Structures are given as C-alpha cells and as structure tokens.
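The values are calculated or read from the model by the stated rules, or taken from the named source; none is laboratory data. Just so you know, these numbers come straight off a predicted model, no measurement behind them. Counting neighbours? That spans all protein chains shown, and the Cβs are built from the backbone with ideal geometry, glycine included. With ligands, DNA and RNA removed, areas are computed over all heavy atoms of the protein, side chains included. Shrake-Rupley method; radii C 1.70, N 1.55, O 1.52, S 1.80 Å.
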Amino acid sequence: MDTLTAPRPDLLLRPAASRWLVPGLVALVVVLFLLSLGVGPVLLPLRAVVDGLLGTGDEAARLIVREIRLPRAILSVAIGFSLGLAGASLQGLLRNPLASPSLFGAPSAAAFGAVLVIAFGVFDALSFFLPMAAMLGALLSVGLLLLIAGPRASLLVIILAGLAISSLAGAATSLALNLAPNPFAALEIAFWLLGSLEDRSMQHVFIALPFILAGCLLLFVDGRAFRALTLGEDAAASLGIRLNRVRLRVVLGVALAVGGGVAVAGTIGFVGLVAPHLMRPFVRHDPARLMWPAALAGAALLTAADILVRIIPAQNEIKVGVVTALIGAPLFIGLVFRHRRGLTGEVS
C-alpha cells in the first residue's frame, strides 16, 4: 500500500461504529438541507419550511421555500456530492490523497468552456449547451493530465501537470474576461470565477442534474478497481482489472459531474480534496468504501458553506466558492506539510 495512504491505527473506527457512518452522514445532509431552506434574509421555522415544501401554509413562505431556496439547496447537495465523489475517485485512481478535481484544473477548465460560449454570445446562461461546453473543458483537462502524467507518473509530476493545466485554464478565462464584448458578459465571467449558488432556479437544476447523475453513476462503477489498485497496477491487472477502461470511466465521470456543476454554479474548489480526506480514517483507508462517505461529506460541506455565506454580515453576499477556498487552501497546506516526507522521498 502507498505510504501516503497507509492507515493510522489511532484513527481507525471499530467496524460497529463505521457501520453508522453513512446513515449518520445522510441524516446530517438532510438536516443541513432543511436548514438551508430556512436560513436567509427571512428566517423560517421548520414548520413553515415543511409547509412550504408541501405547498400548504403561508403563501409568502411557500414562494420563498419552493421558488428561491429549494433550487439552491438541491444544487448545493448535488454539486457537493459530485465533487466529493470525484475527489475520492481521482484519489483512488492515482493512489494519492492529494488528488482532487480542483488541483488538476477540471473546474477551471470547465469554467473556461462555459465562459467562452457566454462571453462571445454563442449560447445564453440558461442554454442546455452550456453544461456541454463546461463538460468538454473538464474532459479535456483531466484527459490531458492523464496523457501528460502517464500511467506510472510520480506524485510530483501529477501535481506539476495539474497546476500547469489549471494555470492555463485560468489564463484563458482571464483572456476571455479581457476580451468580453460588454459589461454583462464580464459580470457573467466574474460569477463563474468566484463560484456561487445565489439566484439559481429550478431551470438550473434541470440543466445540471442529468449530467451530475450520469457522472456519479460512472464513478461508482470502479470501487473494486480502486481497492485492487492499492496493491499496485500489475497486481490489479492480474486480478482482472482493465486499467484503461477504469481510467476512461473516471475521466468521463469527473468531466460529467464537475462540468454539470460548474455550468450552473461556477468554480467551487477544494470540496473534492477535503471531503475524502476527512472520511478516509473512518473507512480504514479503503478506497472502495470511501466513495459514499466522501460524496455525502462533500454534500454536507458545500451545503454548510452555502448556509454560512447567508449568515455572514456583508453588504453583498459572499460567494460560496470564496468560502470553500478559504477553508480548503489551509487544509491543503496542512496535508502537504503532513505528507512532506513522502512527497520528497525521505525516509520516515
């Protein structure tokens, strides 16, 4: 097993306790989902939220819950779920805990694809072709990363390649901003750069959800392959794992899941890195068992961050992508610090 993913005995849960992990996370996501429907400029009690969902009770509360906050809550759960799952899948495929969609430039490339078609008036912000452009960007970034890194690349090569792709996508997006033909296009580009769930509607949900679901289904296929890969690629191949097919499914799954989310919410980083890392000790570092907890933790993290931006006092609502970056970046630095011996090849 890779030294960077080796389990720490002091962090392992007993099997009986770990059985409650997924039900506990599901309960947490449900609580946060209901809280997300009640928190905002107008605070609603739980009874009003339930009545609003059921279409009964006060008309104003019903409009707030069903028309304004429900799309936002659905998207926060779906996008967080897909980012957590994409992070766990990439970490399983590449066998290192620092892999994530944002580190490899997938959200930045997806944002560039979406920004490009909006900035130059190819499609509007509610077009069904927008997530397709975003997915194409994410697909190119992850595929390019695997092509550059190769099947046996070191962690350093993977990180450098990911940073290069992310920088290239960021520069291309900045160029699109620089060449934006009008202020409206510039504002749309700024939205995609910052990442936000503000003012999302059910139309955005219908645009993103099919692609996110398709991507998640693809990513859930390869749990057994990720477990076999902990023994090494040669051992996994001897167990009947077809690595080329696994890589292709992961690339397509990440592109669909991340592209669909970015198309309606912009770039939201670090959820895909943080969620799997938080859950890994609770599943005994098993990449197959990590997938559901990481996905649910991602949903909980993004929903909690979206609630947080609504209660922070500010003249304008803080973008949720800014909050996830402020939380995730220090954690990433901590991860690098913790694993620096493995990264530099030093003997522990």
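With the checklist (1) part of a helix (DSSP H, G or I); (2) modelled with pLDDT under 85; (3) farther than 30 Å from residue 282 by Cα in hand, flag the one item residue 124 doesn't pass.
Failing condition for residue 124: (1).
Checking the structure you have, find out if any residue of region 270-286 is small (Gly, Ala, Ser) and touching a Phe, Trp or Tyr at 6+ places or on another chain (Cβ under 7 Å).
no
Tell me, please, whether a residue that is among the small types (Gly, Ala, Ser), buried (at least 24 other Cβ atoms within 10 Å of the Cβ) and touching a helix residue (DSSP H, G or I) at 6+ places or on another chain (Cβ under 6 Å) can be found in region 227-246.
Among the residues of region 227-246, not one is among the small types (Gly, Ala, Ser), buried (at least 24 other Cβ atoms within 10 Å of the Cβ) and touching a helix residue (DSSP H, G or I) at 6+ places or on another chain (Cβ under 6 Å), which makes the answer no.
Could you list all residues from region 26-47 that are farther than 22 Å from residue 309 by Cβ and at pLDDT below 95?
47
Which condition does residue 218 not pass, out of (1) part of a helix (DSSP H, G or I); (2) open to solvent by less than 30 Å² (accessible area, probe 1.4 Å); (3) within 29 Å of residue 115 (Cβ to Cβ), if it passes all the others?
(2)
Taking region 176-206 only, how many residues are within 26 Å of residue 307 (Cβ to Cβ) and either open to solvent by less than 10 Å² (accessible area, probe 1.4 Å) or of a type in the set (Lys, Arg) (or both)?
Counting residues in region 176-206 that are within 26 Å of residue 307 (Cβ to Cβ) and either open to solvent by less than 10 Å² (accessible area, probe 1.4 Å) or of a type in the set (Lys, Arg) (or both) gives 6.
Take the residues in region 81-121 that are outside any helix (DSSP H, G or I) and over 30 Å from residue 178 (Cβ atoms), then tell me which one is modelled with the lowest pLDDT.
98
Within region 259-295, which residues are assigned to a helix (DSSP H, G or I), touching a residue at least 24 places away in the same chain (Cβ under 8 Å), under 24 Å from residue 336 (Cα atoms) and hydrophobic (A, V, I, L, M, F, W, C)?
Once the filter is applied, which keeps residues that are assigned to a helix (DSSP H, G or I), touching a residue at least 24 places away in the same chain (Cβ under 8 Å), under 24 Å from residue 336 (Cα atoms) and hydrophobic (A, V, I, L, M, F, W, C), region 259-295 yields 271, 273, 274, 275, 279, 282, 283, 288, 290, 291, 294, 295.
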